[in-house]
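Below: one structure, written as structure tokens.
The values are calculated or read from the model by the stated rules, or taken from the named source; none is laboratory data. Quantities reported herein were computed from a predicted structural model and do not represent experimental measurements. Backbone-built Cβ (ideal geometry, glycine too); neighbour counts: all protein chains shown. Keep in mind that these areas ignore ligands, DNA and RNA; they rest on the heavy atoms of the full protein, side chains included. Shrake-Rupley method; radii C 1.70, N 1.55, O 1.52, S 1.80 Å.
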Amino acid sequence: MLRIVTLIWFALIAPAAQACDTALILTIDVSNSIDTAEYRLQTNGMADALLDPEIMDELIRGQAALMVIQWSGVGRQEVSIPWSQLRAEADVINLSARARAMPRAFVQSDTAIGDAVQFSLRQFADAPACARRVIDISGDGTANAGSDVRAVRNAAERAGVTINGIAIEGMGLAITGFFNRAVITRNGFVITALTHRDYPRAIRAKILREVSRVLG
């Protein structure tokens, strides 16, 4: 009898133990305004953030699933790293190494933020079953091509997907204002990076907030 009770108990808790808290798509802007050094600041910043002990602990604790997408103009979106569920430290280390070594997907292209969000939304069809679905949009400019950003943002809200952002500023807070008005969902947030050199700090703060059970 005790053995039967034990087996039932394990059957009940096993799904919960393996549950995924967050399916997170990290996107990288590789449009015209991003030079080679700025691209590497983004990829290295992402790779370093994943290895941060606090972030790594939260990712593994929540069995998070991550994907990385590069985007620029109309029709220029690429899944650079497909869905990876992070169940152990080795999974996070491997994902970080892949992000750091990732070649740039596009050059010389416009900024189609709406198309990047649309492309990202479609990727959730193949994602692990997770309690939350989140898209990160990082960029250093406003949309100048492609789909209407607000309409796509509204579609994400209807689908139950959260959009957060990193606004990379050169001067002032124009990009931050645009992200707040047109890009993020009502339950989302924007973190401002003061130039690309501030991006590593910003992405660490953003990922930690997204995957933390306290702040997410």
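Criterion applied to Ile28, Ile34 was being closer than 20 Å to Arg133 by Cβ and in contact (Cβ under 8 Å) with a residue 24 or more places away in the chain, and the one residue passing it is Ile28. Looking at region 55-75, which of its residues are in contact with a Ser or Thr (Cβ under 8 Å, 6 or more places away or on another chain), touching a residue at least 60 places away in the same chain (Cβ under 8 Å) and not in a strand (DSSP E or B)? Matches in region 55-75: Glu58, Gly62, Ala64, Gly73. Just one of (1) among the β-branched types (Val, Ile, Thr); (2) within 13 Å of the chain's Cα centre (by Cα); (3) open to solvent by less than 30 Å² (accessible area, probe 1.4 Å) fails for Ile55. It is (2). Within region 112-124, being under 26 Å from Arg61 (Cβ atoms) and not hydroxyl-bearing (Ser, Thr, Tyr) holds for Gln123, Phe124. Within region 143-168, restricting attention to residues that are surrounded by fewer than 17 Cβ atoms within 10 Å (Cβ to Cβ) and not aliphatic (A, V, I, L, M), the residue that is modelled with the lowest pLDDT is Asn144.
Given the options Ser109, Ser72, Ser84, name the one that is surrounded by 21 or more Cβ atoms within 10 Å (Cβ to Cβ) and on the phi < 0 side of the Ramachandran plot.
Ser72
Of all residues assigned to region 199-208, at least one qualifies as being over 16 Å from Gly141 (Cα atoms), surrounded by 21 or more Cβ atoms within 10 Å (Cβ to Cβ) and among the charged types (D, E, K, R). Note on region 149-174: residues that are of a type in the set (D, E, K, R) and within 19 Å of Ile28 (Cα to Cα) amount to 2.
Residues checked against (1) modelled with pLDDT of 95 or more; (2) open to solvent by less than 20 Å² (accessible area, probe 1.4 Å); (3) in contact with a Leu (Cβ under 9 Å, 6 or more places away or on another chain):
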| site | (1), (2), (3) |
| --- | --- |
| Val79 | yes, no, no |
| Ile93 | yes, no, yes |
| Ser96 | yes, yes, yes |
| Ala99 | yes, yes, yes |
| Pro103 | yes, no, no |
| Gln118 | yes, no, no |
| Leu121 | yes, no, no |
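Candidates in region 169-182 are the residues that are in contact (Cβ under 8 Å) with a residue 24 or more places away in the chain and closer than 20 Å to Arg204 by Cα; of these, the one that is surrounded by the most Cβ atoms within 10 Å (Cβ to Cβ) is Phe179.
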